[in-house]
Structures are given as structure tokens and as C-alpha cells.
1. Here is a check on your reading of the model: is Glu261 of a type outside the set (Phe, Trp, Tyr) and open to solvent by 20 Å² or more (accessible area, probe 1.4 Å)?
2. Out of (1) out of contact with any Pro (no Cβ under 8 Å at 6 or more places or on another chain); (2) of a type outside the set (Ser, Thr, Tyr); (3) open to solvent by less than 40 Å² (accessible area, probe 1.4 Å), what's the single condition that is false for Lys266?
3. So which residues in region 15-43 are among the small types (Gly, Ala, Ser) and part of a loop (DSSP other than H, G, I, E, B), if there are any at all?
4. Please pick out the residue among Glu252, Glu276, Glu284 that is over 20 Å from Thr366 (Cα atoms), without any contact (Cβ under 8 Å) to a residue 40 or more places away in the chain and of a type in the set (Asp, Glu).
5. Would you mind listing the helices (runs of 4 or more DSSP H) fully within region 326-383 where at least 1 residues are among the hydroxyl-bearing types (Ser, Thr, Tyr) and closer than 21 Å to Gly282 by Cα?
6. Residue check, Asp167 against (1) surrounded by fewer than 16 Cβ atoms within 10 Å (Cβ to Cβ); (2) more than 17 Å from Leu215 (Cα to Cα), all met but one. Which one?
7. Could you give every pair whose Cβ atoms fall below 9 Å, whose first residue belongs to region 185-208 and is on the phi > 0 side of the Ramachandran plot, and whose second residue is near the ligand (Cβ under 8 Å from one of its atoms), counting only separations of at least 6 or pairs across chains?
8. So, in region 186-196, of the ones that are within 23 Å of His291 (Cβ to Cβ) and either more than 11 Å from the chain's Cα centre (by Cα) or at pLDDT below 95 (or both), which residue ends up surrounded by the most Cβ atoms within 10 Å (Cβ to Cβ)?
Amino acid sequence: MGIYLDHAATTNIDKQVLAAMQPFFDAHFGNASSQHGFGRIAQKALMTAREQTAALIGADCDDVYFTSGGTESDNWAIKGIAETAGKGHIITTQVEHHAVLETCAYLQKRGFRVTYLPVNEAGFVEPCAVEKAIEKDTFLISVMFANNETGVMMPIEQICSIARAHDILMHTDAVQAVGHVPVDVKKMDIDLLSLSAHKFYGPKGIGALFIRRGLEIGRFIHGGSQQRGLRAGTDNIAGAVGLGAAALLAAENMAKFAAHESALAKRLADGLLKIEETRFNGGEAERLPGHVNLSFGGIEAAALLVRLDLEGIAVSAGSACASGSGKPSYVLAAMGRTPEEARGTVRFTVGRTNTQKQIDTVITHTKESVEKLRAHSPLFAQQKGGKSYI
Ligand SMILES: *Cc1c(COP(=O)(O)O)cnc(C)c1O
């Protein structure tokens with residue numbers, strides 16, 4: 001097997017999580033809405049999963065709704081609150097995940113107004129910028145807990161207190177953060193929070209939306225009475241059990257896993273920053289433990305990715321050019337990086353199961369590849385000569 005350093009994209013399912021799910025695919029196949037023994041087993045498993053998920057984010061279990069993942073949770077939170085508001089203004093940032101950006105763009109077409117705040121050079125949105133953007137009819141602020149490209153954490157607690165002071169609801173896309181760093185919806189005074197199991201060693205296709213008690217939100221999926229009729233459809237028991245098991249595992253081992261990941265991330269960053277003309281994006285900010293986002297001057301990240309892939313090393317381009325659009329990352333652009341810098345950017349995301357030996361292998365291969373690519377790069381030669389390489 002190769003070396004996987006793309007844990008921000010998805011994680012492998014933990015063996016304990018898989019084992020917990022297994023019986024709900026065969027022996028315990030019941031429908032949680034059924035009024036018999038099979039149904040009761042499913043119902044009980046669903047309740048336990050809800051409690052485990054709620055515990056990870058400091059919520060009451062009644063306020064946690066299962067969804068199909070982070071994307072659905074973001075859609076529901078933002079569209080559901082917009083539906084209740086009817087019209088008005090939303091504040092978000094330029095560096096949100098597409099699940100938030102595209103939902104906001106959709107609402108703009110429906111007559112809502114949206115402000116997309118920039119971030120500073122370190123990668124986070126300034127609380128005072130949020131406060132300044134508030135208008136008379138602002139009804140929702142949606143700011144991510146931590147960015148998926150850089151791992152930079154946003155000042156969520158401060159933004160929440162600004163939102164509360166102005167009587168505005170606060171949603172946070174915490175998909176990258178939950179299961180990795182402490183998140184407490186009560187202590188932080190969060191109204192709505194999105195999370196997804198597959199970003200912390202649970203299965204894909206299951207997530208949750210925390211909705212503060214008493215908050216009025218539009219129904220998302222119309223149908224039966226599951227989840228108070230707000231999000232109908234036969235409950236995904238195996239998925240929920242997987243999410244619950246992953247939540248429990250994360251809660252019990254958070255400090256241990258974070259220490260392991262941040263030590264390896266530091267080793268990786270220290271090793272790669274020895275390469276000249278290398279910049280650590282978000283390096284000065286408070287970050288998630290496993291993220292290392294580096295810009296290597298004078299190279300194309302896509303070419304580096306191919307070379308590393310040939311060695312069995314899986315990383316990601318910092319730029320969201322997965323679709324082949326070749327557009328430089330909007331996250332790095334918002335941080336003030338040039339398109340050239342953005343194009344030379346690679347995201348390494350360390351996980352629980354990575355080893356020091358793997359990190360050292362990655363450092364060796366990355367150094368070698370960057371040198372080879374630069375040797376063939378007229379851009380880099382020009383840049384070294386002090387000229388612009390555009
Ligand atoms: C992965 C991710 C999502 C989408 O979650 P899915 O469960 O894959 O739909 C949303 N927001 C952020 C920040 C993410 O990292």
C-alpha cells in the first residue's frame with residue numbers, strides 16, 4: 001500500500017467502526033419506525049448513535065439530526081433558515097467549502113443578498129470584519145470552523161458572540177474540525193453546526209446537523225415523520241451507528257491522535273521548508289493538527305502530484321482544480337497569494353495511522369521531485385534571476 005496524506009479529502013474507516021456497523025447490514029436489519037422487536041433494536045441503536053454524536057460536540061441528543069453528510073447539512077442549515085427568514089442578508093466568507101458557497105449563490109438567485117468576506121494573509125476572517133458587514137436585515141452568519149485547504153481555524157467563539165449580540169443566527173461548517181479538535185456548541189454558543197463521519201474515520205454518506213432547540217427551520221426532506229418530520233426517510237441505521245462509533249472513538253482519543261498528527265505534521269513541514277522558495281500557507285495561524293499547505297515556487301503542483309503518485313504517495317493540490325479547470329485555489333487567492341503561488345501549492349494532510357517513517361519517505365521524494373521539476377522550469381530560473389515569472 002502507498003502512503004496516504006490526503007486525510008482532509010476523506011479518511012479510511014476505522015476497523016472498530018466497521019465492526020460496529022456490520023450487524024446492522026444483516027442480523028439487525030429492522031426499520032427504526034417499525035413497532036416490533038426488529039424495529040426496537042434499530043431504534044435503540046439509532047438513539048445510542050445520536051447520543052454518541054451529540055457528546056462529541058457538547059449537544060443534547062434531541063438537537064442532533066442525521067443527514068447524508070456535510071454537504072446536505074450545509075444545504076439544510078442555510079436554505080432552512082433562509083426559508084424561515086423569507087428575505088434578507090447572509091454573511092459568509094470567500095473560503096467556505098462549495099457546499100456553502102453554492103448554496104449561498106442559489107439563494108442569491110432567489111433574491112437573498114450575500115456578503116462574502118475575505119480572509120487575512122494568515123487565512124482567517126477577522127471578527128471585526130464580520131461585525132462591520134452586518135446590515136439591518138442580516139439573519140444568518142455562516143463561517144466554517146476550520147478551512148479544508150489550509151486547516152486554519154476561524155475565530156468562531158468571537159464571531160458567535162457578535163452574532164448573538166445582534167440577534168443573528170450562527171451556522172458553522174465544522175466538517176474538517178469535528179473529531180479532530182474540541183468543539184462545544186453550548187460553550188461556543190453555536191446555533192447550527194454541520195459535521196460528516198467520513199472526515200473522522202467513519203463511513204461516507206452520513207453526517208449530522210446540530211440545530212439549537214427551539215430554533216425555527218424549514219423542513220429539508222418531505223415525507224414520513226422520521227426526525228420530527230424535518231428530515232424524512234427511513235433512517236440509515238448502519239450509517240448512524242458508524243457515525244456514533246467514530247464519534248466515540250474520536251472523543252476518547254482526541255488528545256492522543258492530535259498530538260501524533262501535529263508531531264508528524266511539524267516534522268513534515270520542517271523537512272519541506274528546507275527546500276528554498278517554499279512558503280507555509282496558514283503557518284502562523286492556529287491550525288488543525290494534520291494540515292500542512294505549502295507553496296513551492298516555480299513548479300506546477302499538478303506535476304508534483306503525478307510524480308508523488310508514481311511513488312504511491314497520495315497528496316492533494318491546494319488548488320481546487322480537481323475538475324481539470326486549472327483555476328487556481330480561491331482559498332489561496334483570498335489569502336492574497338498570486339495565481340502562480342497558488343498553482344505551486346500542495347496540501348499534505350496527516351492522519352492517525354501515518355508513521356514517522358512514512359513522513360521521512362515523503363520528505364525525500366518531495367525534495368527530489370521539486371528539484372527535478374525546477375531544473376526543467378524556465379519559470380523558476382527567471383524567478384531566481386529576480387524577474388517576474390509571469
Ligand atoms: C468534506 C467537506 C464538506 C462536505 O462533506 P461531505 O460529507 O463530503 O458531503 C463540507 N465542508 C467541508 C469543510 C468539508 O471539508
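The values are calculated or read from the model by the stated rules, or taken from the named source; none is laboratory data. As the structure is a computational prediction, the values presented were derived from the model and not from experiment. No Cβ is skipped: glycine too gets one built from the backbone with ideal geometry, and neighbour counts run over all protein chains shown. Surface areas here come from the heavy atoms of the whole protein model, side chains and all, with no ligands, DNA or RNA. Shrake-Rupley method; radii C 1.70, N 1.55, O 1.52, S 1.80 Å.
1. Details: of a type outside the set (Phe, Trp, Tyr): yes; open to solvent by 20 Å² or more (accessible area, probe 1.4 Å): no.
Against the criterion (of a type outside the set (Phe, Trp, Tyr) and open to solvent by 20 Å² or more (accessible area, probe 1.4 Å)), Glu261 does not qualify.
2. Condition (3) is where Lys266 drops out.
3. The first filter runs over region 15-43 and keeps only residues among the small types (Gly, Ala, Ser), leaving 19-20, 27, 30, 32-34, 37, 39, 42.
Once the filter is applied, which keeps residues that are among the small types (Gly, Ala, Ser) and part of a loop (DSSP other than H, G, I, E, B), region 15-43 yields Ala27, Gly30, Ala32, Ser33, Ser34.
4. Values: Glu276 fails: over 20 Å from Thr366 (Cα atoms); Glu284 fails: without any contact (Cβ under 8 Å) to a residue 40 or more places away in the chain.
Answer to the check: Glu252.
5. 330-334, 356-375
6. It fails just one condition, (2).
7. Sorted first by the residue in region 185-208, then by its partner, the pairs are Gly205/Ser68; Gly205/Gly69; Gly205/Ala197; Gly205/His198.
8. Our first condition is that a residue be within 23 Å of His291 (Cβ to Cβ); within region 186-196, this holds for 188, 190, 193-196.
In the following step, the residues that additionally are either more than 11 Å from the chain's Cα centre (by Cα) or at pLDDT below 95 (or both) were identified as 188, 190, 193.
Values: Met188: 21, Ile190: 26, Leu193: 29.
Among them, the one singled out is Leu193.
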